[in-house]
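> Supplied in structure tokens, the structure appears directly below.
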Amino acid sequence: MPFLPMRLARPALLAGVAFALAVPAHAQTPLSNEALATFAPSQNPNNDKIDYSIWDEAMKNIVISMGPSLREGAGRPDPSFGTRRQYGHVSRYRLEGTRVMFSFLDADVIASFTEYRKDLEKTADIVDIQSLSRNEQLAFWINLHNVAMVEQIANAWPVRQPREIKVGGVPLDEARFITVEGIKLSPRDIREQIVYRHWKDPVVMYGFWRGEIGGPSLQKEAFNADNVARLLVRGAADFVNSLRGTQEGGGRLQVSEHYREAAPFFFPDFEKDLRAHLTRFADEKTVALLASASGADPVVNERDIADLEGGVREPTYSNITSNGQSISFRIPQSMTALLREREAKFQEIIRQGRTGTVTFSNIDLPGEAGEPAEVE
């Protein structure tokens, strides 16, 4: 399992509703109209760009893919040897999405996440974010959101569920610890009050990582203006065609609770609009599911942390072997078991001939003349 220590450097500048918007009791005061207007995209975009190569390198080193869903829920793993206590992940979705290697991060690396998040905030004081191309803006907001989530979860780890984390006494998703152009924002503000408000295509949902197994995956590369459409389509296909995105229950179509949260922005006629959206990215199995199951019930969730260790430090470890020889690097037994399950899954994917990249030809993301396709 590759892991390289890192220090993150500052980014370089280059030239009838089915569901009402749920507002938790602990939600902070809504942003003012003046604050919201600040982040409205300009009608006259420029050609400035932001370089995220440092974050790109970080993602390649700390994110592990569990591979595409086989649409088979994972069984409950055996308890750790010599104990009845269950360590590690037990979720039936544990072999889907991606995982972050939080248990391998030292204090210097975690501090560098905070430094990088603050540098991204300062970038908005140097470049006019709202005047960037729409893809450049979208990449900035997704990266800032995800950097902030990784930072805060890394600071709090070990923790079973990211929803348990509080920043200044406020739940992580609602806490306004991010400051852009003098305005304090929460991760939820970035998603809903900036991106969901100004981008009409629900594909943007799949860029935002929530730290939970049940949500969209954290990509193994940073977003930028050139790859944002590709990565969002990849994230959408991964999520829509997984058990944590869509499944059948009692003849009904059950979907992720994240679709209910996004309904006021993207799915006003919930079942009709959502089914049309899911069809855009559905593979053969999901197409059959959509045809056979009625309704669209947003009841699927898995709030456990999307890490490798289940948010708990296990007291027992296994030595790693290479070419039959034991080496000094040790990982928890539950993590060893999870990685073995992952390897068995990959072998099954190879056996089924499901390797390679799927290209969706029906995705229309028009761009401006002379620019890459943009997400509207």
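The values are calculated or read from the model by the stated rules, or taken from the named source; none is laboratory data. Predicted, not measured: the structure shown is a model, and the values here were computed from it. Quick reminder, even Gly has a Cβ in these numbers, built from the backbone with ideal geometry, and neighbours come from all protein chains shown.
> Looking at the structure I just gave you, is F208 within 22 Å of L278 (Cα to Cα) and either basic (K, R) or touching a helix residue (DSSP H, G or I) at 6+ places or on another chain (Cβ under 6 Å) (or both)?
Here the answer is yes, as F208 does meet what is asked.
> May I pose another question? Of the conditions (1) farther than 30 Å from P45 by Cβ; (2) modelled with pLDDT of 95 or more, T83 satisfies every one except a single condition; which number is it?
(2)
> Please verify whether region 29-49 includes one or more residues that are exposed (fewer than 12 other Cβ atoms within 10 Å of the Cβ), hydroxyl-bearing (S, T, Y) and either at pLDDT 95 or above or within 26 Å of R197 (Cβ to Cβ) (or both).
Yes - at least one qualifying residue is present in region 29-49.
> Return yes when A139 is closer than 26 Å to S256 by Cα, in a helix (DSSP H, G or I) and either at pLDDT below 95 or in contact with a Phe, Trp or Tyr (Cβ under 9 Å, 6 or more places away or on another chain) (or both) and no when it is not.
For A139, the condition - closer than 26 Å to S256 by Cα, in a helix (DSSP H, G or I) and either at pLDDT below 95 or in contact with a Phe, Trp or Tyr (Cβ under 9 Å, 6 or more places away or on another chain) (or both) - is met.
> Another question, if that's okay. Here is a list of conditions, (1) hydrophobic (A, V, I, L, M, F, W, C); (2) out of contact with any helix residue (DSSP H, G or I) (no Cβ under 7 Å at 6 or more places or on another chain); (3) more than 26 Å from A282 (Cβ to Cβ), and V63 meets all of them except one; can you say which number that is?
Checking V63 against (1) hydrophobic (A, V, I, L, M, F, W, C); (2) out of contact with any helix residue (DSSP H, G or I) (no Cβ under 7 Å at 6 or more places or on another chain); (3) more than 26 Å from A282 (Cβ to Cβ), the one that fails is (3).
> Identify all residues within region 142-178 that are within 18 Å of F104 (Cα to Cα) and assigned to a helix (DSSP H, G or I); write none if there are none.
Across region 142-178, the qualifying residues are V147, M149, V150, E151, Q152, I153, A154, N155, A156, P162.
> Only one of (1) out of contact with any Leu (no Cβ under 7 Å at 6 or more places or on another chain); (2) surrounded by 18 or more Cβ atoms within 10 Å (Cβ to Cβ) fails for D128. Which number is that?
(2)
> So, one more: Suppose the filter is over 21 Å from R234 (Cα atoms), in a helix (DSSP H, G or I), touching a helix residue (DSSP H, G or I) at 6+ places or on another chain (Cβ under 6 Å) and not basic (K, R); does I110 pass it?
Against the criterion (over 21 Å from R234 (Cα atoms), in a helix (DSSP H, G or I), touching a helix residue (DSSP H, G or I) at 6+ places or on another chain (Cβ under 6 Å) and not basic (K, R)), I110 qualifies.
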